[in-house]
Amino acid sequence: MRILVVEDDPVLADGLKSGLRLSGATVDCVDCCTDARTALKAGRFDAVVLDLMLPDGSGLDVLAHLRSQGDATPVLLLTALDDTTDRVRGLDSGADDYLGKPFDLDELAARLRAITRRGAGRAEAVLKAGALTLDPASFTATVGDAPVPLSRREFAVLAALMERPGVIRSKAEIEERLYGWQEEVESNAVEVHIHNLRNKVGREAIETVRGLGYRMRVAE
Amino acid sequence: MTSLRRRLFLLLLGATGALWLCAVAWISLGSRAELEHVLDNRLREAATMVHSLVSNGNLADAPSLNLEASGGYARQLSCQIWSMDGRLVGRSSGAPSSDLAADTEGFADRTVNGETWRVYTIVDATKGVRVTVGDRIGLRDRLVRDLVAGLLAPAVLILPLLGLLIWVGVGRGLRPLAAVAGDIAGRDAEDMRPVPTDGAPAEVRPLLTALNGLFSKVEAARTREREVTAFAAHELRTPLAGLKTQAQVALAADDAPTREGALRQILVSVDRATRLVRQLLALSRLEASPAPRLDSEVDAGRVLREVIESSHRPPQVNVDLHLLPDGLKLKGDQETLHLVLRNLHENAVEHMAAGGRITWAPVTNAQGMATGLMVEDEGPGVAEAELPLITRRFYRGRHKSASGTGLGLTIAEMAAGRLGARLTFANRADRPGLRAALVWS
């Protein structure tokens, strides 16, 4: 899961980055409205964590701009106010959820999973493909009843493929999910992860479409 | 409570009543004069008539002259005929037996037997008689009193009716005012929309205009208050959120570098929260403390050196004090000046993460006298549009620093006010940076 955090407090932004990474997400941080707009235009994110009060304006403006562009990326607002009118305004401006500061990191992660799931049009919390089950909340994968140990990156690659079984994901797309802006992308990382995943969940589960990318094989 | 209606009612009724009383007084005076004139003429006529009837000092054939009148004013006139040797020759039936007249001819006022009389006397030496006709002044007074009573009687009847008309009329006249009052009273506390002034009477309109002005001022103040609350909530809760998140990261992290990083961030956050608490306390102390005496002077250079020594300064920031003259005295007390200078200095340091020079210099007037202090930093400066806002509580501009609380310049400005000085901010003309000047006028 690739997440954009728009938060101007450096400590909180750093905490969100580390914390969400622990729950398996790839996180990019920006600290003002202008950078947030640029980031949202440039990259594809699975969800946005948006602070309302930013040094160069309101998070609501970013949200309104995003929705006016027809971008339906799920957005979770962080608000410091208990005022319900503020929350109502946020939700009415197109936010998918909100959390009041200070919040619980696990709750934030869970809510992000929920809004991305809803955003992708899935009702079930777990991802399924054939005998393979992926639970983003507990960060576990099982084949049948047997648990499969996965690294953070392997989990992310598998989740990207399983979100839409049968749809081809390009290598670049998978890389985007794996790495934040500051991170160095290793050239054959995706191939290595796919190779390891095939060893763990079964060679036939992941199909290589030459020249295009990879996809989950859909059960006949 | 003063009621406009009651006030107007009493005023109108009082004025009407007073006018009426004046009219009565005028009429009574006027008719008394006229009455005197008419009655005096009657006296003279009667005296002349009686005199013409008398012949040669004898009135034997008319021993009892009866000049009675009828009705309420019976026996108005009394007549006496005296011979020249002082004998009462004849008198009308109601006349007193003692002499009514003085020896002089013409009109006179006389008191006989405790009654005041108006008399007219004709002295005829050839006929040898003195004829005196008189009437009682009391009777004349009664005449005037009756006349005035006749005038006042309808007034007494009409006055309550008039009062009722005035009361109702004033009530109707004040109805637009009542309508406006009802309109305003019926609003809820949140409603700060202006009251419509068109259609309101001209007398009420200035009141409404003033009221609308007040409404807009209250609304503006409330918006500012709301903003401050929002900023405060953000500034207080964001560090808490940061602390909690970092603590959770430290607990959940299974590798040492992540855990260590989180713990370090917690330290940063606690430092900032500490500073925030200190600033909040300084602010509330400043608000609660009584205004200091302004007649004392302090050595500004010494206070400034203390401030610079006691505050944290990264090695890449230099402080330049060489423009400061020795023994620069400024008005105020040491504690408050320390507070202003510390916050200005910390603000300058905070915005110079990239390093540079902070310059303190005196502000001089046209005569070359030092009237204050100014500080120039080499930070990014402040956008012109943000300049008026930077002393607002919790306002942190675009170039906000990591450790800023948004309260430093608020405190500095408030403390400067306590010193009787003014704090102004401007961007430097020669290079990016902010200049803050503390000036006594």
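The table for this structure:
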item	result
Boolean, A:Arg67 is modelled with pLDDT under 90 and either over 28 Å from B:Ala232 (Cβ atoms) or of a type in the set (D, E, K, R) (or both)	no
Candidate set: the range A:3-29, residues that are at pLDDT below 90 and outside any helix (DSSP H, G or I); chosen: the one surrounded by the fewest Cβ atoms within 10 Å (Cβ to Cβ)	A:Gly24
Only one of B:Asp191, B:Asp198 that is in a loop (DSSP other than H, G, I, E, B), more than 25 Å from the chain's Cα centre (by Cα) and more than 30 Å from A:Asp82 (Cβ to Cβ)	B:Asp198
Test: residue in the range A:31-43 that is part of a helix (DSSP H, G or I) and within 11 Å of another protein chain (Cβ to nearest Cβ)	yes
Hits in the range B:115-129 (condition: in contact with a Ser or Thr (Cβ under 7 Å, 6 or more places away or on another chain), assigned to a strand (DSSP E or B) and farther than 27 Å from B:Leu35 by Cβ)	B:Val129
Residue among B:Leu151, B:Leu157 that is in the same structural domain as B:Leu77 (by TED's automatic domain parsing) and touching a residue at least 12 places away in the same chain (Cβ under 8 Å)	B:Leu151
Matching entry among B:Arg435, B:Arg357, B:Arg396 (being in a strand (DSSP E or B) and buried (at least 18 other Cβ atoms within 10 Å of the Cβ))	B:Arg435
Answer from B:Pro325, B:Pro315, B:Pro362 - the residue that is in a loop (DSSP other than H, G, I, E, B), modelled with pLDDT of 85 or more and in the same structural domain as B:Thr410 (by TED's automatic domain parsing)	B:Pro315
Sole exception among (1) in contact (Cβ under 8 Å) with a residue 12 or more places away in the chain; (2) surrounded by fewer than 21 Cβ atoms within 10 Å (Cβ to Cβ) for A:Leu105, by number	(2)
Filtered residues of the range A:44-60 (kept if surrounded by fewer than 20 Cβ atoms within 10 Å (Cβ to Cβ) and within 12 Å of another protein chain (Cβ to nearest Cβ))	A:Pro55, A:Asp56, A:Gly57, A:Ser58
Filter result for A:Leu78 (part of a strand (DSSP E or B), within 14 Å of chain B (Cβ to nearest Cβ), hydrophobic (A, V, I, L, M, F, W, C) and closer than 20 Å to B:Leu236 by Cβ)	yes
Filtered residue count, the range B:234-257, keeping only those that are more than 9 Å from chain A (Cβ to nearest Cβ) and at pLDDT below 90	1
Hits in the range B:262-276 - residues which are more than 7 Å from chain A (Cβ to nearest Cβ) and small (Gly, Ala, Ser)	B:Ala273
Residues satisfying the stated conditions in the range B:1-37, i.e. surrounded by 11 or more Cβ atoms within 10 Å (Cβ to Cβ) and under 15 Å from B:Asp135 (Cβ atoms)	B:Arg32, B:Leu35, B:Glu36
Condition check for A:Leu134: touching a Leu at 6+ places or on another chain (Cβ under 6 Å), of a type outside the set (Gly, Ala, Ser) and crowded, with 20+ Cβ neighbours inside 10 Å	yes
One residue from B:Arg396, B:Arg357, B:Arg342 being within 14 Å of chain A (Cβ to nearest Cβ) and out of contact with any Leu (no Cβ under 7 Å at 6 or more places or on another chain)	B:Arg396
Residue in the range B:191-209 that is in contact with a Leu (Cβ under 8 Å, 6 or more places away or on another chain), surrounded by 16 or more Cβ atoms within 10 Å (Cβ to Cβ) and closer than 30 Å to B:Trp26 by Cα present	no
Evaluation of B:Thr405 against (1) more than 11 Å from chain A (Cβ to nearest Cβ); (2) out of contact with any helix residue (DSSP H, G or I) (no Cβ under 8 Å at 6 or more places or on another chain); (3) more than 30 Å from B:Pro325 (Cα to Cα); (4) outside any helix (DSSP H, G or I) (one fails), failing number	(2)
Breaking point among (1) in contact with a Phe, Trp or Tyr (Cβ under 6 Å, 6 or more places away or on another chain); (2) modelled with pLDDT of 85 or more, for B:Phe231	(2)
Test result for B:His338, over 22 Å from B:Gly397 (Cβ atoms), in contact with a helix residue (DSSP H, G or I) (Cβ under 6 Å, 6 or more places away or on another chain) and at pLDDT 90 or above	yes
Per-region count, the range A:1-15, residues within 13 Å of the chain's Cα centre (by Cα) and within 13 Å of chain B (Cβ to nearest Cβ)	1
Number of the condition not met by B:Asn41 [criteria: (1) surrounded by fewer than 11 Cβ atoms within 10 Å (Cβ to Cβ); (2) at pLDDT 75 or above]	(1)
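The values are calculated or read from the model by the stated rules, or taken from the named source; none is laboratory data. As the structure is a computational prediction, the values presented were derived from the model and not from experiment. Don't worry about glycine lacking a Cβ; one is built from the backbone with ideal geometry, like all the others, and counts go over all protein chains shown.
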